[in-house]
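The values are calculated or read from the model by the stated rules, or taken from the named source; none is laboratory data. Everything numeric in this text was worked out from a predicted model, so none of it was measured. Every residue, glycine among them, receives a Cβ derived from its backbone with ideal geometry; neighbour counts consider all protein chains shown. These accessible areas exclude ligands, DNA and RNA; they are computed on the full protein's heavy atoms, side chains included. Shrake-Rupley method; radii C 1.70, N 1.55, O 1.52, S 1.80 Å.
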Amino acid sequence: MTDLDQRITSVLREHAEGETDTHRLLRESRARGRRRQLRRRTTTGTALALVGVLGFVGVAGTDLGGLSGRLPWGAATPAAAPPVPPRADGVPGAAQRPDLVGSDPQVMHLGIDTGRARYLRWASDGLSGESIRLSVGSGRPVLVEVNRSAQPFEYGIEGFPASAVPVRPTFDGEIRQVGGTTGGLVKTWQPAPGLYARASMLGGDRRALAGAVDALRWNEARRCAAPLKLDTLPEGAKVTSCTVDVAAFPGSLTVQLTVFREPASMWVQLLYGAQISGGRAESNRTVGGRPAYLYPAGTKLELLGIPQAHLTADLGPEWTDGYLKDKPTFTEADMATVLAGAQVAKDLTDPETWK
């Protein structure tokens, strides 16, 4: 059973029931840990969104029938066009100001030509840079990642087996086949001095990947608009990343915001699914006068009563590298603070109501 299989099964159960610089190495260890957590949770969020669309949530003993092998890249094309992140007026694009990439979790410093391609997901993170998942026509999804540094591109590609990624990308603009039959196509290049980019696609052909890259726009900036806003944060904490997945919109969507306070992260996720018939019936906590449910492990809190959606704050397990061992982390009270001030759009399928 793969990690993704285990995560889907767990959700089903829950709803049924250079130089040796020690300081630099520590910073990079923290960054890698947060990138791994973000990558895992982004992938899981996409999978959960599709679970909601297919009506699996809340069904005990459902046979996934190999579904996880087709996620997240195999999502069916939705009937309606997904939302488009609005322009960030007055903010320069990555080509003009590469130093701004990844500096603001609410802004992406690139976009796409929506006459040629459509947005499937957009994300901005202070450590992992910025990314857009897009598709051209009925072609396979393409993931485009951009960063001010080449280093993050040495840590693997979402959806690809670890063996399929070159250890040191060349950034020469060539499209390469990696990973044999289990891999795909990868292009690494520098759109502008001081800017590094990677486009990747599982399967497909070189022409399709080149077409997706041609649809990118480096001279514009977009806001990470989402139907979720956090008005209250624990003392000393801040939102450091924003991810919005609309691959299956309007049937489902997933929003994930990362709240960070040294040394810990909290992941706040809004999962909407048109076929989620109802939420958890019982509550064991009250948050801002509203019913909530604290999961048995004590690290996940859900705010109840949101139609066809689940809103959770999740602390996740301690990192296995021991970084968080015996160090202060967020608490149940911190999760309650965040959820009490969470603002959810009245109509999750209407992007005009998003923040």
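Residue 331 sits with roughly 60 Å² accessible to a 1.4 Å probe, with DNA, RNA and ligands left out of the calculation.
Less than 5 angstrom separates the built amide H of residue 121 from those of 133, 246, all sequence-distant by 5 or more or on a different chain. Projecting label points 7 angstrom from Cα along Cα→Cβ for residue 181 and residue 99 puts them 5.0 nm apart. Averaged per residue, the stretch 132-211 has 45 square angstrom of accessible surface, using a 1.4 angstrom probe with ligands and nucleic acids left out. Using 0.36 nm per residue and subtracting the Cα-Cα separation, the extra length available between residue 332 and residue 350 on full extension is 3.3 nm.
Say the cut-off is 28 Å between C-alpha atoms; which of 187/238; 187/229; 300/346 go over it? Numbers along the way, then the final one.
Numbers: 187/238 33 Å; 187/229 35 Å; 300/346 24 Å.
The pairs that break the limit, which is 28 Å between Cα atoms, are 187/238; 187/229.
Using the Cβ of residue 86 as centre and a radius below 13 Å, the other residues enclosed give a net charge of +1, where K and R count +1 and D and E count -1. Treating r as the C-beta distance of residue 290 and residue 174 and R0 as 56 Å, the FRET efficiency rounds to 0.55. Counting charges near residue 237 (Lys, Arg +1; Asp, Glu -1) among other residues having Cβ under 10 Å from its Cβ returns a value of -1.
For the stretch 224-355, the solvent-accessible area works out to 43 Å² per residue, with a probe of 1.4 Å and every protein chain left in place.
Ligands, DNA and RNA left out, the 1.4 Å accessible surface of the stretch 202-355 is 48% carbon and sulfur atoms.
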